[in-house]
Amino acid sequence: MRSCICSLLLASGLAWSQSVSSFINSEVPVAKANLLANIGPSGSQSQGAFAGVVIASPSTVNPDYLFSWTRDSALVFGELINEFTSGRDTTLRSQIDNYVGSTQQIQQIPNPSGTVTTGGLGEPKFNINETAFTEPWGRPQRDGPALRASALILWADFLLSENNASYVVNTLWPLIQLDIDYVAGNWNQSTFDLWEEVDSSSFFTTAVQHRSLRLGSSLASAIGQTSVVSGYTSQAANILCFLQSYWNTAGFITANTGGGRSGKDSNTILTSIHTFDASAGCDAATFQPCSDKALANLLTYVNSFQGLYTINSGIPSGQAIATGRYPEDVYFNGNPWYLTTLAVAEQLYDALIVWNQQGSITVTSISQPFFSLFFPSIATGTYTSSSSTFATLVNAIQIYADGFVAIVAEFTPLNGGLSEQFVGTPVSANDLTWSYAAMLSVAGARNGFIPPSWGAEGLTVPSTCQRQGPTVSFTFNVQATTVFGENIFVTGSLNELANWSPAGAVPLSAADYPIWSVTTTLPANTNFQYKYIRIFNGVVTWESDPNLSLTTPANGTGEVNDVWR
Ligand code: NOJ
Ligand code: NOJ
């Protein structure tokens with residue numbers, strides 16, 4: 001498919017759009033067939049996979065992907081359930097029933113993350129015969145239960161509309177409740193990110209956890225499981241609060257709280273498309289695809305690949321380029337990925353759906369750099385659909401979005417097979433199921449398919465967060481000579497350290513005198529200032545300046561050894 005798209009790069013907008021349409025029209029049936037080939041028990045590429053088990057890829061060496069990842073499977077079935085329930089593909093019902101059956105098995109399998117009640121739901125992947133994968137791996141990955149529950153809730157909502165409440169209550173709800181309870185109880189713990197590399201908090205994981213709790217609480221209300229509703233909604237509010245903290249002062253979303261990278265990552269683009277809710281408009285609280293924050297973030301993310309890949313060289317800013325997981329990626333030497341390049345297009349198509357639906361585009365100071373790609377002198381303000389600016393933006397952004405699909409078209413082999421990565425030729429796992437699901441969902445978005453609402457409309461961020469996210473155990477040790485009756489305390493710029501108040505300062509103990517120590521629970525990956533104080537007969541003496549400063553680790557435990565000044 002390479003030659004046809006290349007020669008059209010310079011063609012007119014209409015021919016361009018038609019060439020993207022014709023790629024989609026020919027690729028979608030191939031993607032669907034190849035996706036289904038990767039699902040047991042009868043998929044032609046997945047011999048040995050049990051019913052409803054999605055293999056990540058048939059590749060068994062370099063890399064060995066003949067496993068079933070909870071994340072990949074849930075994203076794949078999320079797409080299939082959307083296609084079935086919207087009437088776009090009426091053939092998928094038995095596949096969905098198989099996925100339910102396989103979820104019933106897999107949830108119960110004890111694995112290295114635990115049992116069903118002790119954390120096992122966070123296990124990232126299983127063997128294709130529904131046994132545990134017991135080798136070392138980046139675990140747990142806490143996006144899996146959230147994504148799986150969300151897919152099953154879409155299915156439950158459809159069945160309720162078909163008056164099949166008994167199946168929902170008796171069969172689906174027990175599975176959904178296990179996953180949502182896990183999210184409600186563990187979202188605050190550190191997790192490996194969706195790329196299975198960074199152990200901290202991760203934007204994608206937090207965002208899909210939030211969505212799953214909103215979906216879970218409304219399903220619970222709908223079927224009379226009222227006892228869980230307030231717990232789910234209150235944790236959802238806490239997560240929404242924490243979600244805001246990923247937005248950074250440089251004007252993009254930091255993908256992970258740990259990891260020591262730039263933080264620019266397709267994690268954030270995937271979040272935007274997998275938490276799209278058209279009824280929420282361009283709301284930035286949930287980083288909707290057309291929100292100013294999500295658009296500013298898209299620009300920063302895409303730009304980070306500008307000089308990175310040979311196949312991008314010479315393409316000016318404002319035109320689509322190939323993108324990968326994150327710019328620092330070295331997996332298979334770090335290449336563009338089909339599913340990330342398609343996700344950029346999908347975020348833009350989702351945005352176009354909303355702009356057209358609401359009949360206006362609002363440019364804020366945050367999104368202005370994004371919009372100025374297409375309209376260099378654009379001023380902040382709202383442009384209604386009757387304005388020429390609106391028309392200019394919508395046309396240019398459609399062409400820009402199509403450009404990302406066109407890149408994928410250019411690097412799709414003639415047989416339509418989609419691997420995980422591409423450089424010029426396909427790289428890494430062949431026939432990646434998730435790549436095919438990404439193709440189907442971008443095609444849906446380009447055709448204007450609007451996924452069911454999950455309750456993002458009108459959400460407001462609580463003014464104070466009840467729980468700030470993951471915590472770590474942190475030990476302060478300070479060497480201090482004291483007189484009898486004199487005690488050492490620590491205080492500083494965190495709630496946990498009494499916000500500099502000597503009255504609430506945390507006492508240290510002198511079991512190892514002259515070393516005074518205390519182990520506290522502090523927010524993970526957080527910079528703070530502190531000082532030790534000594535109190536004798538109620539008189540407070542502060543250490544000399546300057547304040548000490550530290551960043552807590554993203555996970556695990558931390559310790560500092562100081563000497564009183
Ligand atoms: C396999 C993981 O699936 C992949 O995401 C990761 O980049 C590599 N291991 C390297 O850690
Ligand atoms: C590696 C990717 O990083 C991860 O997200 C995915 O789940 C597995 N491969 C399987 O496709």
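The values are calculated or read from the model by the stated rules, or taken from the named source; none is laboratory data. It should be emphasised that the depicted structure is a prediction, and the values quoted were computed from it without experimental measurement. Every residue, glycine as well, gets a Cβ built from its backbone with ideal geometry; the counts of neighbours run over all protein chains shown. Accessible surface areas use protein heavy atoms only, side chains included; no ligands, DNA or RNA. Shrake-Rupley method; radii C 1.70, N 1.55, O 1.52, S 1.80 Å.
The table for this structure:
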{"item": "Residue satisfying condition, being touching a residue at least 12 places away in the same chain (Cβ under 8 Å), of a type in the set (A, V, I, L, M), assigned to a loop (DSSP other than H, G, I, E, B) and surrounded by fewer than 19 Cβ atoms within 10 Å (Cβ to Cβ), within set Val30, Val116", "result": "Val116"}
{"item": "Scope the range 186-214; condition farther than 23 Å from Ala456 by Cβ and not polar (S, T, N, Q); matching residues", "result": "Phe192, Trp195, Glu196, Glu197, Val198, Asp199"}
{"item": "Strands (runs of 3 or more DSSP E) (entirely within the range 433-531) containing at least 2 residues that are under 28 Å from Leu240 (Cα atoms) and hydrophobic (A, V, I, L, M, F, W, C)", "result": "471-479"}
{"item": "Meets criteria (on the phi > 0 side of the Ramachandran plot, hydrophobic (A, V, I, L, M, F, W, C) and in the same structural domain as Ala409 (by TED's automatic domain parsing)) for Phe287", "result": "yes"}
{"item": "Tally of residues being aliphatic (A, V, I, L, M) and in contact with a Leu (Cβ under 7 Å, 6 or more places away or on another chain) across the range 261-290", "result": "2"}
{"item": "Some residue of the range 285-293 being of a type in the set (D, E, K, R) and assigned to a helix (DSSP H, G or I)", "result": "yes"}
{"item": "Any hit, the range 158-175, residues being within 14 Å of ligand 2 (Cβ to nearest atom) and open to solvent by less than 10 Å² (accessible area, probe 1.4 Å)", "result": "no"}
{"item": "Counted residues, the range 244-271 - those being touching a residue at least 60 places away in the same chain (Cβ under 8 Å) and hydrophobic (A, V, I, L, M, F, W, C)", "result": "3"}
{"item": "Top-ranked residue of the range 424-463 - restricted to ones that are more than 26 Å from Tyr309 (Cα to Cα) and free of Cβ contacts under 8 Å to residues at least 40 places away in the same chain, ranked as farthest from ligand 2 (Cβ to nearest atom)", "result": "Ser463"}
{"item": "Candidates Val53, Val100 - the one that is open to solvent by less than 30 Å² (accessible area, probe 1.4 Å), touching an Asp or Glu at 6+ places or on another chain (Cβ under 7 Å) and among the hydrophobic types (A, V, I, L, M, F, W, C)", "result": "Val53"}
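Residue-by-condition table, conditions (1) assigned to a helix (DSSP H, G or I); (2) among the hydroxyl-bearing types (Ser, Thr, Tyr); (3) touching a helix residue (DSSP H, G or I) at 6+ places or on another chain (Cβ under 7 Å); (4) farther than 18 Å from Val229 by Cα:
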| position | (1), (2), (3), (4) |
| --- | --- |
| Leu80 | yes, no, yes, yes |
| Asp89 | no, no, yes, yes |
| Pro136 | no, no, no, yes |
| Pro140 | no, no, yes, yes |
| Leu147 | yes, no, yes, yes |
| Ala156 | yes, no, yes, no |
| Asn163 | no, no, no, yes |
| Ala184 | yes, no, yes, no |
